[in-house]
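The values are calculated or read from the model by the stated rules, or taken from the named source; none is laboratory data. Keep in mind it's a predicted model, so treat the numbers as computed, not measured. For neighbour counting, all protein chains shown are included, and Cβ atoms are generated from backbone atoms with ideal geometry for every residue, glycine included. Just so you know, the surface numbers come from the protein's heavy atoms only, side chains and all, with ligands and any DNA or RNA stripped out. Shrake-Rupley method; radii C 1.70, N 1.55, O 1.52, S 1.80 Å.
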Amino acid sequence: MEQGELTVVGRVVSASNATLVCEAATDSDPTPVRCVYKPVRGEVPLWDFPDGTLAGREVASFEISDALGWDVIPPTVLRDGPFGPGMVQRWIDTPERHGEHGDRVELVDLCPPDLVPAGWIPVLQAYDGDGEEVSLIHADDPRLNRMAVLDLLLNNADRKGGHALEGLDGYVYGVDHGICLHREDKLRTVLWGWAGTAVDDVLMADVVEFVDGFADRVEPRVRGHITESEIEALLGRACALVANPVMPQPMSSRPIPWPAF
């Protein structure tokens, strides 16, 4: 993925920025690796994220996830490609879903308010496009909970339902981290079900280690991808979580990204 030639095989047409599906292979290892390639030249400028690139923020987010040892974000690198420099990330295969809702509830889903399944947490009630009342729900799953804690550290402004993927390997992965790591509070997520609850002790032990080794093991990995003030804000969020290991309550007037999926 880092060195192989990228061959474009498709495009995610629903994405707001240019998102290409590629296969990467080298002469010494011709077995292709499927990946997502988002060239910088295909990014739509955002007035509230004027610094750096979305690709750089995606790479920084991966480096933070990797430094925590959580493997939430698939391997992500910044490299050249067919349309110039961009982010390249390993593709995640997910179970096939049949029919409108299939035979399984997604990690983040919609359902009638009186039919919330056991093991899922309702986040809010709303109306769908047909005017039917629905509940936005997510699984009460430790794999997803770890992602919610990571989003708090990343200050993720866009955790949509479709950005949490359950891979065929049993891991839960987060994708699309181009609008993370702003110095101002911009947390917008569908994973509010744990608001006000204590963060798991095992996760907090990783956060403490993250803070203790920040200068040597974290800062060099994100420098150049985000600004100095954003690096300071990242450390500040981690230190605040250590001081008060509780998931926050929604504070802004827009705590959920739109659209939610």
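Here are the numbers:
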{"item": "Probe 1.4 Å, all protein chains present, accessible-area order of E228, E58, largest first", "result": "E228, E58"}
{"item": "Quarter of Cα convex hull surface for the range 1-84, i.e. mean projection, nm²", "result": "6.4 nm²"}
{"item": "Within the range 220-243: backbone nitrogen closer than 19 Å to the D51 label point (7 Å, Cα to C-beta)", "result": "220-240"}
{"item": "The chain, helix-only ellipticity at 222 nm - DSSP H runs n ≥ 4, -39,500 (n - 2.57), divided by all residues, nearest 500", "result": "-7000 deg cm²/dmol"}
{"item": "If the convex hull is drawn through the Cα atoms of the range 68-182, its volume per residue in Å³", "result": "157 Å³"}
{"item": "Cα→Cβ-extended label distance, 7 Å offset, between D66 and E184, nm", "result": "3.1 nm"}
{"item": "Surface/4 of the Cα convex hull for the range 1-146, nm²", "result": "11.8 nm²"}
{"item": "Solvent-accessible area, 1.4 Å probe, carbon plus sulfur percent, for the range 36-116", "result": "54 percent"}
{"item": "Inter-site label distance for R41 and S16 at 7 Å from Cα along Cβ, in nm", "result": "2.3 nm"}
{"item": "Rh (Kirkwood; distinct C-alpha pairs) - the chain, Å", "result": "19.3 Å"}
{"item": "Computed over the chain: relative contact order in percent, which uses C-alpha pairs under 8 Å that are six or more apart", "result": "18 percent"}
{"item": "Under 5 Å, built H, 5+ apart or other chain: amide partners of L6", "result": "none"}
{"item": "Probe 1.4 Å, accessible area per residue of the chain, Å²", "result": "51 Å²"}
{"item": "Net length gained if the chain between E209 and T227 were fully extended (0.36 nm per residue, minus Cα distance)", "result": "4.2 nm"}
{"item": "Protein accessible area in the range 169-245, 1.4 Å probe - carbon and sulfur %", "result": "51 percent"}
{"item": "Hydrodynamic radius of the range 126-190 per Kirkwood, over alpha carbon pairs, in Å", "result": "13.1 Å"}
{"item": "Label-reachable residues, the range 66-91, where backbone N falls under 18 Å from a point 7 Å from D200's Cα toward its Cβ", "result": "66-74"}
